[in-house]
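Below is one structure; the comments refer to it alone.
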Amino acid sequence: MLIAFNKPMNTLSQFTSEGGWPALDGFGLPKGVYAAGRLDRDSEGLLLLTDDGGLQARISSPKYRSPKVYFALVEGVPDDAALDHLRRGVTLKDGQTAPCEAEAVAAPDWIWDRDPPVRIRKSITDTWLKLTLTEGRNRQVRRMCAGVGFPVIRLVRFSIGPHDIRDLPPGMWRELAP
């Protein structure tokens, strides 16, 4: 079984609550499924869950380089140099990231209002970036964007491989063909 779940903001990617944050156990997911990879509490979007250990390993292992598409709302307006830096890879404390695809895009027309709302400052312009990564380090997108001078204020994972959250509202899930 493979499930696409649109993880809401401030929800943990595990089945037990911790620190007062809600977990996956409150969304009516089938018994026996586990997250294939993680999505930070303060990030939103696609989380794949499965009851197949081999499939879970293939989805989450960096060895398979499954592309993951993220939409990041950043403070400021990245120039071509910043986008090129993201594309080449950014040096983080845990080493150089792999090259990725990075482009500035219009606000996605499929995006939902976030709860709680994003803090927007009138004095700072914000920009949506679309990033496609093939590795998944801890808080990688946030650290990469901050590393080129553009902190992330909202992060949504749109897809993993061929699976996406199109037409899947936050907190909802659907079964997929593995």
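The values are calculated or read from the model by the stated rules, or taken from the named source; none is laboratory data. All figures in this text were calculated on a predicted structure; none of them were measured in a lab. So basically every Cβ, Gly included, is an ideal-geometry build from the backbone, and we count neighbours across all protein chains shown.
Structural remarks
- Top-ranked residue in region 164-178 [being within 11 Å of residue 48 (Cα to Cα) and under 17 Å from the mean Cα position of the chain (by Cα); ranked as surrounded by the fewest Cβ atoms within 10 Å (Cβ to Cβ)]: 164
- Taking the criterion of being touching a helix residue (DSSP H, G or I) at 6+ places or on another chain (Cβ under 9 Å), part of a loop (DSSP other than H, G, I, E, B) and within 29 Å of residue 26 (Cβ to Cβ), the residues of region 127-170 that qualify are 136, 137, 161.
- Selected residue [farther than 23 Å from residue 92 by Cα, surrounded by 12 or more Cβ atoms within 10 Å (Cβ to Cβ) and touching a residue at least 60 places away in the same chain (Cβ under 8 Å)] from 136, 161, 149: 161
- All conditions but one from (1) at pLDDT 90 or above; (2) touching a Leu at 6+ places or on another chain (Cβ under 8 Å) apply to residue 137; the one that does not is (1).
- Conditions (1) more than 21 Å from residue 4 (Cα to Cα); (2) over 13 Å from the mean Cα position of the chain (by Cα); number of the one not met by residue 140: (2)
- Near pairs, Cβ below 8 angstrom, 6+ apart or cross-chain, from region 114-128 (not assigned by TED's automatic domain parsing to the domain that holds residue 44) to any residue that is exposed (fewer than 10 other Cβ atoms within 10 Å of the Cβ): 128/106
- Out of 63, 31, one residue alone is without any contact (Cβ under 8 Å) to a residue 60 or more places away in the chain, farther than 19 Å from residue 152 by Cα, basic (Lys, Arg) and out of contact with any Asp or Glu (no Cβ under 9 Å at 6 or more places or on another chain). It is 63.
- Test: residue 79 is among the charged types (D, E, K, R) and either at positive phi or touching a residue at least 40 places away in the same chain (Cβ under 8 Å) (or both): no
- In summary, residue 4 fulfils each of the numbered conditions (1) surrounded by 15 or more Cβ atoms within 10 Å (Cβ to Cβ); (2) touching a residue at least 60 places away in the same chain (Cβ under 8 Å); (3) more than 18 Å from residue 173 (Cα to Cα) with the single exception of condition (3).
- Checked against (1) surrounded by fewer than 16 Cβ atoms within 10 Å (Cβ to Cβ); (2) of a type in the set (Phe, Trp, Tyr); (3) under 19 Å from residue 138 (Cβ atoms), residue 110 passes all but a single condition, namely (3).
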